[in-house]
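Below is one structure, written out as C-alpha cells; the observations come after it.
Rule-based calculations on the coordinates, nothing more; no lab input. If you're wondering where the values come from, they're calculated on a predicted model, not measured in any experiment. Using ideal geometry, Cβ is built from the backbone for each residue, glycine included, and neighbour counts are taken over all protein chains shown.
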Amino acid sequence: MSIEIESLSYTYMEKTPLSHTALHDVTLTIAEGSFTAIAGETGAGKSTLMQLIGGLLVPTAGRVLVDGIRLHGKTKKEKEAARTARFRVGMVFQYPEHQLFEETVYEDIAFGPRNQGLSDAEVEARVSEAMELVCLPDGYRDRSPFALSGGERRRVAIAGVLALAPRYLVLDEPAAGLDPRGREALLAMLTMLHRERGVSVVLVSHSMEDILRVADHMVILAGGQVIGEGPPCVLFQRDDLLSRAALAAPHLLRLGQKLEAAGYPMGSCTTTEEMAEKILAIREMQKTGS
C-alpha cells in the first residue's frame, strides 16, 4: 500500500500567455506507515503536489495512484474507484480553521462522515474518536467553533478530516500562525497519530527543525522537481541540495556538528531535550573521569 506518483507534471493556465508549470516530471513513492516531509522554498511546487495527491487537481501529465488506484479514471468504474481512493487521503490545508462553517463543533466534524453516507451511529462513533485523537474534551461538542482559541479551532478542523478515517493524512503547513505552545501540541498530536494509530503522514513545512523532529522520510523540491529524497538527518548533511533548494539545516543539527568538532560525541539528536541530556551525561562522565 502506498501513494505512487509517476512522471507527474502540472501546468497552471495551460495554453494561455500566463501558463506556468509548477511541477516537472515528478516521480516518488510515499509508503504506507511513513512520516514524509516535503520541503522547498516558496514556489517550489509543494502545495501543488499536495493538491494533486488529494485529487483536487488533474495532472497535466503523469498520474497519482492511491493503493494502486488512479485518482482520475475515465470510465464509470474507474471514476467510482477513484472516489473511494480519494477518501483514503485526508487533506488539511494551511489555516484549516478558515474552513469551519457549522454552528457547533460536533456538526462541523460530522459533516464529512455524513457525506460518506454513514449511519447516525457510525457518524457519532467517528466524531467521538476524532475528538479524542485531537484531545478535544467531550464538553466541546455543542460549543461554537468560532468561540474557541486559534489552536482549538485548528484541532476541530483536523478532527473533521480524521473523522473521514483516512489512511493518509496530508497537511500543508499545519503549524502556520500557531504560537509555540500550539505548535508543540500539534506536532505531538501528529507524532501520536503516526506512531500509535498507524496513520501515514505527509507534511509540508518550512520549519527544518520540525521536519528533523517528526519525519522519517524527506523529499526536497526545487523548481518543481525532486532533487533529493531520503532520511532527513542524511539530507540535512547535503549542503549542495540545501543550497539548490534555498534551505538551511536545522539549528540543532548545526549545533550538534559544532559540538562533535569540539570533542563531544553527540550522535543524532532531534530535540533540544535529547541534546541537553547527552551534554549532561558527557559532563558527568568527564567529572567522574570515566
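Listing Lys278, Lys76 from fewest to most neighbouring C-beta atoms within 10 Å gives Lys76, Lys278. Ignoring lysines fewer than eight residues from Lys287 along the same chain, the ones with Cα atoms less than 21 angstrom from its Cα are Lys278.
For the chain, a Gaussian network of Cα nodes joined below 10 Å ranks Ser144, Ser47, Ser205 by mean-square fluctuation, and the top entry is Ser144. A Förster distance of 30 Å, applied to the separation of the beta-carbon atoms of Phe146 and Ser119, puts the FRET efficiency at 0.55. Pairs of C-alpha atoms in the chain farther apart than 26 Å represent 50 percent of all such pairs. In the range 104-190, the inverse of the mean reciprocal separation of distinct Cα atoms equals 13.1 Å; this is its Kirkwood hydrodynamic radius. Size check on the range 3-84: the Cα extents along the three principal axes, sorted descending, read 36, 32, 17 Å. Measuring nothing but how far apart in sequence close Cα pairs (under 8 Å, 6+ apart) lie, relative to its length, the chain scores a relative contact order of 21 percent. With the largest listed first and rounded to whole Å, the semi-axes of the equivalent ellipsoid of the range 44-169 from the Cα gyration tensor are 29, 17, 11. Rounded, prolate or oblate: pick one for the range 193-290, where a ≥ b ≥ c are the square roots of the eigenvalues of its C-alpha gyration tensor, a/c under 1.5 means rounded, and failing that, prolate if a/b is larger than b/c, else oblate. Oblate, since a/c reaches 1.5 and b/c is not below a/b. Measuring between their Cα centroids, the range 37-72 and the range 186-233 lie 16 Å from each other. Across Val204, Val219, Val58, mean-square fluctuation computed from a Gaussian network of the chain (C-alpha pairs under 10 Å connected) peaks at Val58. Between Ile38, Ile158, Ile227, the GNM of the chain built on Cα springs shorter than 10 angstrom shows Ile227 fluctuating the most. Helical runs (DSSP H, four residues minimum) scored at -39500 (n - 2.57) apiece and divided by the length of the chain put the mean residue ellipticity at 222 nm at -12500 deg cm²/dmol.
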